[in-house]
1. Under the 0.36 nm per residue contour assumption, what length would be gained going from the current alpha-carbon distance of VAL292 and ARG255 to full extension?
2. Would you mind calculating the relative contact order of the chain from Cα pairs under 8 angstrom and at least 6 residues apart, reporting the percent as a whole number?
3. To the nearest 20 Debye, how big is the dipole of the chain about its Cα centre, given +1 on the beta carbon of each Lys and Arg and -1 on that of each Asp and Glu?
4. Give the separation of the Cα centroids, segment 184-256 to segment 36-63, in Å.
5. With the contact rule set at Cα under 8 Å and sequence spacing of 6 or more, what percent relative contact order holds for segment 176-276?
6. Work out, in µm²/s and without decimals, the Stokes-Einstein translational diffusion coefficient of the chain at 4 °C, 1.567 mPa s, Rh from Kirkwood over C-alpha pairs.
7. Under a Cβ-only charge scheme (Lys and Arg +1, Asp and Glu -1), can you give me the dipole magnitude of segment 86-205 about the Cα centre, in debye to the nearest 20?
8. Build a GNM of the chain with springs between Cα atoms under 10 Å: which of GLY186, GLY154, GLY167 gets the top mean-square fluctuation?
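Any read-out appearing in this document is the output of simple, stated calculations on the displayed coordinates, not a laboratory observation. What you are looking at is a predicted structure, and each value in this text was computed from that prediction instead of being measured. As a convention, Cβ positions derive from the backbone with ideal geometry for all residues, glycine included, and neighbour counts pool all protein chains shown.
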Amino acid sequence: MAVTADWRSLYPFQSHHRAVGEHRYHYLDEGAGSPLLMVHGNPTWSFYWRNLVTAFRDRHRVVVPDHLGCGLSDKPLDYPYRLENHIDNLVELIDQLDLQNTTLLVHDWGGAIGLGAALRRPERFSRIVLFNTGAFPPDYIPLRILACRIPGLGPLAVRGGNLFARGALTMATEKRERFNKEVCAGMIAPYGSWRDRIAVQRFVEDIPLTKRHPTYDCLKWIEQELPSLGHLPIKLIWGGKDWCFRKSCLARFQRIWPEAESVVYEDAGHYVVEDAIERIIPELESFLATPVASTEVSGDG
């Protein structure tokens, strides 16, 4: 991994791995108590959740996977990297760790992945927290993302120049003073070569632009089933200046779950957990303190 500063002190966690076929799937498993499952998007990895891991591991079991192709997981070149594959891998992790009474926290592509897993294992979840995400076929795709799908030019920019991950260091945050050289190095550390950026490109390509796209039906299924999770306590936390998962995405979730609590930080961007961490921690502390009915199950779920 090519890095430009020492970011390891910001990520003081023990690594764990499980097998996905012949590949290694990396995850964090810190602390004890009712689980918090944090699911990242693209082009981030478990590093994105580091401040929440540190804040809550003294009272919760905090589990944070790196999707295959991302973070410290293996990055095979011949893997499908479809939404359904990522959901399958997350469900297998949930089952293997026997997570119960779990709070799901998701961001970006982690929304579709995490909510897809929750719909597959609803008995294992007790709360949901969404940060600037979507879980439905998109009604808007920014031009800067569409440009990354141009044949030839897109892979050259995303995998050759690392422009997608590097660009996010400035375009996805409003508090750029917080992105010092160590934070920036940590964000892009796993994506130091053409080969390492395979999943970053595949995530971009997996956005369905038409109903013929292989992932469209999976996203549509998630959207149709989301109301079945509406009985759970749900918190929607949004950075108001996100140019990708805009407030229109928040509004779609609010229509699906009219009882959900919503918080909008108007001065925060897409990397809302970076921009508003000092406000998010007490919001989550209050939300997690609310009693919910037990969802424990026996066996393998």
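1. Working: separation 37, 0.36 × 37 = 13.32 nm, distance 2.26 nm.
Between VAL292 and ARG255, full extension yields 11.1 nm more.
2. For the chain, the relative contact order is 22 percent.
3. Dipole about the Cα centre, nearest 20: 800 debye.
4. 17 Å
5. Values: 77 pairs, mean separation 24.2, N = 101.
Across segment 176-276, relative contact order equals 24 percent.
6. Numbers: Rh = 19.2 Å.
Calculated translational D: 68 µm²/s.
7. Its charge dipole is roughly 440 debye.
8. In the Gaussian network model the winner is GLY167.
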